[in-house]
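A short write-up of the structure that comes next.
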Amino acid sequence: MTAGPLTARQPEVGQIRRRGGWGWWVAAGVALLPALIPPVSLLFQVIGTGTTLAVPPGRLAELMLNTAMLTVAVTITAVTIGLATAWTTTRVALPFRKGWMTLAALPLVVPSYVAALSLIAATGPSGVIVESPTPYGFVGSWLVLSVFTAPLAHLTLIPGLRTIDPATEEAATGLGASRWRVFATVTLPQLKPALVSSGLLVGLYTLSDFGAVSLLRYDTFTRAIYTLYRGQIDRRPSATLSLILMALAIVILLVERRYRARVPLHSGRPRRERPLLSLSGWPRAASISALTLYIMLALGLPLAVMAVSVFRGLESEQIVGSLGAEAVRSLGVAIVAALVTVILAFPVAMVTTRRPGRLSGWVESAMWGAYSLPHITVGVAAVGFALASARSLYQTLIYLVIIYGAIFLPQAAGATQDSLVRASPELEDASRGLGRGPVATLMRVTLPLAWPGLVAGAALVFLSVMKELPATLLLRPNGFETLAIRIWSSTAEGFITRASAAGLVLLAVSIVPLFLVMSRELSD
Amino acid sequence: MTGALAVMVVSTACGAGDGSEAEGPLVVYSGRSEELVGPLIEQFETESGIGVEIRYGESSELAATLLAEGEETEADVFFAQDPASLGAAAGLMASLPEETLELVDARFRDRDGSWIGTSGRVRVVVHNTDTDLPLPQTIDEAVDPAWAGQMGVAPTNGSFLAFVSAMILERGEDGTRAWLEALAANDPVEFDGNAPIVEATDTGELGGGLVNHYYLLRLRAEGQGNNAENHFIPAGDVGSLVMPAGVGIMTNTDSPEAAQEFVDFLLAEEAQTFFATETFEFPLIDGVPQPDGVPPLSEIAAPDIDLSELAAVLDLATRLVAEAGLV
């Protein structure tokens, strides 16, 4: 096979890659420590107190099957939707393209129970949109989770799409391939790492989701775990189930590693600017309609449902009260967490892309340590660890941010990895060869290459932290109430007006930083 | 942009980092949500001059947290939504003085004086006013086949689990298992919480549901709830269980006087009236008007259950509910 732009490059035998040295390994190790705290603490907890199984084995098998079905279905549809929105908003010349790109990412900030509430309000006998029976169970959960986790794929795929060398696609077009064929045979294979990252992000998130499946009454593993945590003072049954769930996640990760195709596609040529695709006629109308439909479902619907609730409540003279303090806290901690997580993710991404091998494979799997666990399990394990070994960190903001970093590390790392994988290591070699030291190379060559991935990762973590609830409840300092907590406790008490108002503020407050960041950094 | 970011970071760090020193504000772990008791806490702070640092959460989670924190807990007071959580943490709580305990009927406080009820919450069968279904006269009639597919339950909810725990005390493990299996076989409609059950009953989606009495009253305050009504089971069984919210003082508190002042405040006329008029719960001291829209507590056929025993059977209750296939 002659070498060419699309051939995978392997390190040549005998050639030692001195890229970064073992400094990156140490940094990656430190960065992984938070992600390992929850699973290791959980293990210790179970070893220490023993296991009990509160759920009969038949029911356990049923829960596993339900969980598996939902995970597979949601992964397929969410990644497809995310790919469509990412492609349309990066490649096609649309009016307000940057706006669409941001809007398509925003549904991630809607907590899944709010999303489920929107579906329930939109259907059912008093449905706002359609008077059909509410799709409880598998169908409703699959719909809600697909629509609202698609941004995970959308944000992960955008840097990937941007950094594909246009020359590869133009070459195919020049050889006579149709647009669809170019997409299928040239674009998609180069997107494989990003697609796999997206799939893992969506799939492992679905494993851990509670909000949607509880409202839509679909019995998954995580639902049983939450029930046991909430209903019992004895934490052993819930810890036992959490361990089983962790084992399931590990199986998924091992399968992914087995079939992983690390295809670093460096073309070695400087990237050219890509002109946007100009559509006309029905393809253009179809693109705009599809995007509009998605935004209406994923943003318009929850917004409308919450706005109606607020109006109805205000008419009945319900008082909403100030949400300013909660908004500031949510924003503050989400921004800090996004920055911290991205800093943690960078060495992990460097190690997995620049030093491929078995050890970096383990690093890559280890970073998912806390992501697939239900957040309540992570919270309880983190509390246990703090009480046992780090008492001064207990109930502090620093620890809360560290645990956010532990949970959401894969979101930041996945996007960063993709940017780095696409960028040729020879650029860094060249910089070193020209006499620039390691720090200068890092600042002037590596960071700019990784930048789109870092930004996308930061955006993902920001949105995820804004809506995070169970871990926040357990780990926050006394009095640190966030918007997500406000929504949850108002809903639980039946104060619907207050809950909806807090939801509207959550959306409003998230859109501004997101838009600023995405329009500056992710659009050409 | 960076400047604003720095300000936000510093303010969030400062705003929440204090309060872990020994002397200082009264630290309250509250299983009652901010929406419910926030204004009351503020009232206490204004009147007493004592600063309160409050940790909101689920009662059962807070109880588990207190147990995990152990003797070194920073908490001074545990203000919980249900007696099972209070009972679980009772080992860490000090006995309240006699004059405090006498304010409330012995049915609504701990046998050993570790905690005292602050307001009453009663189990009801909420039902749609247009329904023809027979209103249950005993809790066993609630699983009558006539109600198949029409009865809403929230099996993961703390109040439901407290209710099942009380049933274990009333009729034993086997009797409770039989009732739960009858419920599961009757095609119950399961929800995550109580409020959606009442909403669904109001819209006619459901014939009725097993909830707490105040959700309907709160729904009416939001402008809805006109097609539903509370039904109090008259038989005197656990169908009309009274579950007080309650409060206790931690043994290792570093502010015992402030903690006692807080407990006294909750049992005084001002707070008890607040519970009746704002959260629609039953006041537990004498001489305070009952809430509108429900019969007075004295007329409700409450069962004779020793609430101090609930905590011991809570885990069993959760297991039975899981084994019946309801979760």
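Taken one residue at a time, the phi angles of the stretch A:29-39 give Karplus couplings (6.51, -1.76, 1.60, θ = phi - 60°) of x, 4, 5, 6, 3, x, 5, 8, 4, x, x Hz. Gly and Pro are set to x. Panel note: the C-alpha atoms of the stretch A:464-504, placed on their principal axes, show extents of 27, 20, 14 Å (largest first).
With a 10 Å cut-off around each Cβ of B:56-69, the average count of Cβ atoms from other chains is 5.
Multiplying the residue separation of A:Leu36 and A:Trp451 by 0.36 nm and removing their Cα-Cα distance gives an extension gain of 146.8 nm. Centre-to-centre separation between the Cα atoms of the stretch B:313-327 and those of the stretch A:307-351: 35 Å.
Tell me, rounded to the nearest percent, the portion of alpha carbon pairs in chain A spaced more than 45 Å apart.
Numbers: 17771 of 137026 pairs.
Tail fraction, whole percent: 13.
For the stretch A:395-509, the ratio of Cα radius of gyration to the globular rule of thumb 2.2 N^0.38 Å stands at 1.50.
For A:Asp219, the shell of other residues with beta-carbons less than 9 Å away shows a net charge of +2, using +1 for Lys and Arg and -1 for Asp and Glu.
With one equal scatterer per alpha carbon and no solvent term, the Debye-computed log10 I(q)/I(0) for the stretch B:172-275 at 0.12, 0.13, 0.14, 0.19 1/Å reads -0.66, -0.74, -0.81, -1.05. In the Gaussian network model of chain B, springs joining C-alpha atoms below 10 Å, which of B:Gly172, B:Gly248, B:Gly193 carries the largest mean-square fluctuation? Its mean-square fluctuation being the largest, the pick is B:Gly172. Count Lys and Arg as plus one, Asp and Glu as minus one, and take only other residues whose Cβ is under 11 Å from that of B:Gly293; the net charge is then 0.
Counted over the stretch B:220-327 with a bin width of 5 Å, the fraction of Cα pairs per bin, in whole percents, is 2, 9, 13, 15, 17, 17, 14, 9, 4, 1, 0.
Between B:Ala312 and B:Asp105, what is 0.36 nm times their sequence separation minus the Cα-Cα distance? Round to one decimal in nm. Intermediate values should be presented prior to the final figure.
Details: separation 207, 0.36 × 207 = 74.52 nm, distance 2.20 nm.
Separation in residues times 0.36 nm, less the Cα-Cα distance, equals 72.3 nm.
B:Ala301 to A:Glu317: FRET efficiency via 1/(1 + (r/R0)^6), r the Cβ-Cβ distance, R0 41 Å, to the nearest 0.05? Efficiency, rounded to the nearest 0.05: 0.75.
Neighbouring Cβ atoms from other chains, within 10 Å of the Cβ of residues in A:324-333, number 3 on average.
Normalised by 2.2 N^0.38 Å, where N is the number of residues, the C-alpha radius of gyration of the stretch A:81-211 stands at 1.26.
Model label points for B:Ser48 and A:Val130, set 7 angstrom from Cα along the Cα-to-Cβ axis, are 5.5 nm apart.
Both radii are taken from the alpha-carbon atoms of the stretch A:188-238; with Rh as the Kirkwood radius, Rg/Rh is 1.21. The stretch A:160-179 and the stretch A:32-48 have Cα centres spaced 46 Å apart. Protection proxy ranking, highest mean first, for peptides A:346-359, A:197-210: A:197-210, A:346-359, where packing is the per-residue count of other beta-carbon atoms within 10 Å, averaged. Projected over every direction and averaged, the convex hull enclosing the alpha-carbon atoms of the stretch A:263-394 yields 16.3 nm². Top mean-square fluctuation among B:Ser59, B:Ser298, B:Ser308, Gaussian network model of chain B, C-alpha springs under 10 Å? Taking springs between Cα atoms under 10 Å, the residue moving most is B:Ser298. Gaussian network model of chain B, Cα springs within a sub-10 Å range: biggest mean-square fluctuation belongs to which of B:Leu210, B:Leu310, B:Leu96? Sorting by GNM fluctuation, first place goes to B:Leu96.
For chain B, how big is the tail of P(r) above 33 Å, as a whole percent of Cα pairs? Of the Cα pairs, 29 percent sit more than 33 Å apart. For the stretch B:97-146 and the stretch A:88-150, what is the centre-to-centre distance using only Cα atoms, to the nearest Å? Taking the Cα centre of the stretch A:88-150 as reference, the centre of the stretch B:97-146 is 40 Å away.
Extending 7 Å from the Cα toward the beta-carbon at both A:Arg59 and B:Glu71 defines two label points whose distance is 3.8 nm.
Measuring r between the beta carbons of A:Phe138 and B:His231 and using R0 = 35 Å, the FRET efficiency lands at 0.55.
Near B:Leu307, once Lys and Arg are set to +1 and Asp and Glu to -1 for all other residues with Cβ below 13 Å from its Cβ, the sum equals -4. Within 10 Å of the Cβ of each residue in A:383-389, the mean number of Cβ atoms contributed by other protein chains is 2. Taking every DSSP beta bridge that has both ends in the protein assembly as shown, the antiparallel portion is near 65%.
Across all C-alpha atoms in the stretch A:446-524, the radius of gyration and Dmax reach 15.8, 52 Å.
Bear in mind these aren't lab numbers, they're just calculated from the coordinates by the rules spelled out. Bear in mind that the values here come from a model prediction, so they are computed numbers and not experimental data. Positions of Cβ are generated from backbone atoms using ideal geometry, with glycine treated the same way; all protein chains shown enter the neighbour counts.
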